[in-house]
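Structure first, commentary second.
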Amino acid sequence: MKFDPQALEWTRAPKEFVISPERIEIVTEPRTDLWQRTYYHFRNDSAPVLQMRTAEPFFSFVVKTDFAASHHRFDQCGVVLYLDSENWLKGSIEYENERFQHLGSVVTNHGYSDWATTEIHAGVKTMWYRLSRRQDDFCIECSDDGAVFRQMRVCHLLEGAGEVRFGVYACSPEDSSFRAVFTHMELTECRWPAHDGQAPDQDG
């Protein structure tokens, strides 16, 4: 498999963007976001999402994000697997203030989102992500250098079997805008190894 920029498809294309084999840029527009219901009770489905399709049940997608221009609360960009408004996952860094930001992931199943985060220093301005698929289970990892990846999330998508779409996104939920840059995009065999610990439960 190969990551092919010519095969990418927009869901809600932004007004300003650049797509080349080596680099993707998205200029976010104010009040764009992805979130469904949980806790906040609002439903936001307005972020631009740029993805390719595959029915391959085992793969890994790697991308480096540069968000040096982010400056406003909730500005974010990262990796995404967006099936429809009620079924998707994303991994990103969300700007909070001059002291810290949130490195985290959101998984949305049947219209309900969850958010798992950890605080990191606001001076971090680049991050690598690796999104891996093993059928309808997924793993999101992050890396400071593109070599050593750390697990952020293992999750299941209820509608994640069969063909999926995956790629990148960027958004600014409040009244702001910034340029998100994506490079080093690579599609490989699944680098999330099969589980070799506790055996699965047996029926009966």
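When you check D175 against the structure, is it exposed (fewer than 15 other Cβ atoms within 10 Å of the Cβ), in contact with a strand residue (DSSP E or B) (Cβ under 8 Å, 6 or more places away or on another chain), assigned to a loop (DSSP other than H, G, I, E, B) and touching a residue at least 60 places away in the same chain (Cβ under 8 Å), yes or no?
yes
Based on this model, can you work out whether T117 counts as of a type in the set (S, T, Y), open to solvent by 40 Å² or more (accessible area, probe 1.4 Å) and either within 16 Å of V79 (Cα to Cα) or not in a loop (DSSP other than H, G, I, E, B) (or both)? Answer is yes for this residue. If we keep just the residues of segment 120-133 that are assigned to a strand (DSSP E or B) and either hydrophobic (A, V, I, L, M, F, W, C) or in contact with a His (Cβ under 9 Å, 6 or more places away or on another chain) (or both), which is surrounded by the fewest Cβ atoms within 10 Å (Cβ to Cβ)? The extreme case among them is I120.
If only residues of segment 99-114 that are open to solvent by 40 Å² or more (accessible area, probe 1.4 Å) and over 16 Å from the mean Cα position of the chain (by Cα) are counted, the one that is nearest to Y40 (Cα to Cα) is Y112. Considering segment 1-103, the qualifying strands (runs of 3 or more DSSP E), each wholly inside and each with 2 or more residues that are more than 19 Å from A180 (Cβ to Cβ), run over 49-54, 58-66, 76-84.
Go through (1) within 26 Å of D114 (Cβ to Cβ); (2) surrounded by 14 or more Cβ atoms within 10 Å (Cβ to Cβ) and name the single condition F17 misses. Just one mismatch for F17, condition (1). Looking across segment 138-152 at every residue that is touching a residue at least 12 places away in the same chain (Cβ under 8 Å) and in contact with a Cys (Cβ under 7 Å, 6 or more places away or on another chain), the one that is most open to solvent (accessible area, probe 1.4 Å) is identified as Q151. Among the residues of segment 178-201, those identified as of a type outside the set (V, I, T), touching a residue at least 24 places away in the same chain (Cβ under 8 Å) and farther than 18 Å from E96 by Cα are F182, H184, M185, E186, L187, E189, C190, R191, W192, A194. Filtering segment 183-202 to residues that are open to solvent by less than 100 Å² (accessible area, probe 1.4 Å) and either under 29 Å from F17 (Cα atoms) or of a type outside the set (K, R) (or both) leaves T183, M185, E186, L187, T188, C190, W192, P193, A194, G197, A199.
Considering only segment 68-114, state which residues are over 14 Å from D33 (Cβ atoms) and of a type in the set (V, I, T). Those that are over 14 Å from D33 (Cβ atoms) and of a type in the set (V, I, T): V79, I93, V107. Can you confirm whether F138 is of a type outside the set (S, T, Y), in contact with a strand residue (DSSP E or B) (Cβ under 8 Å, 6 or more places away or on another chain) and more than 16 Å from L81 (Cα to Cα)? So F138 fails the test.
The values are calculated or read from the model by the stated rules, or taken from the named source; none is laboratory data. These numbers come from a predicted model, not from an experiment. Cβ sites come from the backbone with ideal geometry, for glycine too, and all protein chains shown count toward neighbours. To get the accessible areas, we keep the full protein, side chains included, count just its heavy atoms, and leave off ligands, DNA and RNA. Shrake-Rupley method; radii C 1.70, N 1.55, O 1.52, S 1.80 Å.
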